[in-house]
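These notes concern the structure reproduced below.
The values are calculated or read from the model by the stated rules, or taken from the named source; none is laboratory data. The structure displayed is predicted, hence computed values, not measured ones. With ideal geometry, Cβ positions are generated from the backbone for all residues, glycine too; neighbour counts draw on all protein chains shown.
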Amino acid sequence: MMGEQRKITVESPKKALRVLHLTFNMGIGGTEQVIRQLVQGMASQSVESEILCIDGHIGPLGEALQQSGVPVYKLARKQGFDWSLIKAIRKCLREGRFDVVHCHQYTPWVYGWLGAWRTDTKVVFTEHGRFYPDRHRHKAMFANPIMAMLTPDIVAISSATKDALVRFEYIPRKKVRVIYNGIDPLQKNGLEAQKIRDRLGVRKDAFVVGTVSRLDPVKNQSMMLRAFKEFSTKNPDAVLLMVGDGPDKEKLVGLATEYGINQKTIFTGFINNPLHYLAAMDVFLLSSHTEGTSMTLLEAMSLGMPVVATRVGGNPEIIEDGVTGILTEPDDFFGFSNAIESLRDDAVLREMIGIAANLRFTEKFSAAAMTASYRAVYTSL
């Protein structure tokens, strides 16, 4: 009798999950940073990612990803409602055999949802933030509940953003989950930070407060300047560092002159990698009218920096007032100034808040945690 033959089973390798990120563009901003983190963080986890920009240009983050081997494409959205864009997206989904189209922000969701209709591609929609002031759009009252019902997963980047989707976009609360933004922690290089201060002509004993942000009305930096005027009256060694560019720059420069603080306020313009500028600050400021999950706020916390921020949007979910930062009301320049003053006067408080902020960041807002949550969404579809 012949020996018993053993059946050998060879497991076929798992098919990689294919995800198309649909967005306006890949410029410099919070949404774009999230997409970059997801693409790079999942590269070793059997997820093949590509990016499609619908506003006619790719942007610097997209170009950097292209150079690293990530496919990034662009389409030029036409004025009005662009039916041809839907056809182009549908063609892309079918030819690329994508399992998931991840739509970032509302307009890409509309086009991505219609493009994926009657294909095998599942739709994920992430709302990254809201316009200020938010408003009801009555046309959305009819369309959005239907789209939401037929969208497998809808994500908001904070509970405040989720509440806005429910209130202003008529999306059922049970359809929306919250996944906080996450980033890789930054590492402070004290020598490089000091070089930045030297280059900007900031004295070694100066107390530097500042922000890294788009100079835009929604960021409410006019209130920040007024608060700094109040603060610097009592603290002549103070310097305000404004890192960024945007439509409000000319107005803000004018206000600094009007308030008599132009000699103490430094506008750097756009900085591609602002790490060392951020690290050169003693206190980070965020004065926005509204926020989802601010990436620069997370960056400051990862560096162990004390923060003064307005009590809006997702900020109270990130900052525990008096523990991991200080929160004030959005238009209270006097309260904002007093918060900076309290940190200026108490070095121990600054250090304790910085340590607590770093711990909270590590526990809840890391890129690894965010990436794991989105990958679980993709694989559950």
**Asked** Any chance segment 87-108 includes a residue that's in contact with a strand residue (DSSP E or B) (Cβ under 7 Å, 6 or more places away or on another chain), at pLDDT 95 or above and small (Gly, Ala, Ser)?
**Response** yes
**Prompt:** Can you tell me which residues in segment 189-214 are out of contact with any Asp or Glu (no Cβ under 8 Å at 6 or more places or on another chain) and surrounded by fewer than 16 Cβ atoms within 10 Å (Cβ to Cβ)?
**Reply:** 189, 190, 191, 192, 194, 195, 198, 199, 200, 201, 204
**Asked** Quick check: is even one residue across segment 326-343 under 29 Å from residue 175 (Cβ atoms), out of contact with any strand residue (DSSP E or B) (no Cβ under 8 Å at 6 or more places or on another chain), of a type in the set (Ser, Thr, Tyr) and assigned to a helix (DSSP H, G or I)?
**Response** no
**Request:** Go through segment 163-220 residue by residue and tally those that are assigned to a loop (DSSP other than H, G, I, E, B), aliphatic (A, V, I, L, M), within 30 Å of residue 135 (Cα to Cα) and in contact (Cβ under 8 Å) with a residue 60 or more places away in the chain.
**Result:** 1
**Prompt:** Among the residues of segment 284-322 satisfying the criterion of being among the β-branched types (Val, Ile, Thr) and either under 10 Å from residue 357 (Cβ atoms) or buried (at least 24 other Cβ atoms within 10 Å of the Cβ) (or both), which is modelled with the lowest pLDDT?
**Reply:** 293
**Request:** Just need a number here: residues in segment 53-102 that are within 19 Å of residue 126 (Cβ to Cβ) and within 21 Å of the chain's Cα centre (by Cα).
**Result:** 11
**Message:** Given (1) among the polar types (S, T, N, Q); (2) loosely packed, with under 14 Cβ neighbours inside 10 Å; (3) modelled with pLDDT of 95 or more; (4) in contact with a helix residue (DSSP H, G or I) (Cβ under 7 Å, 6 or more places away or on another chain), identify the lone condition not met by residue 45.
**Reply:** (3)
**Request:** Working only within segment 254-272, note down all residues that are out of contact with any strand residue (DSSP E or B) (no Cβ under 6 Å at 6 or more places or on another chain) and either outside any strand (DSSP E or B) or in contact (Cβ under 8 Å) with a residue 60 or more places away in the chain (or both).
**Result:** 254, 255, 257, 258, 259, 260, 261, 262, 263, 270, 272
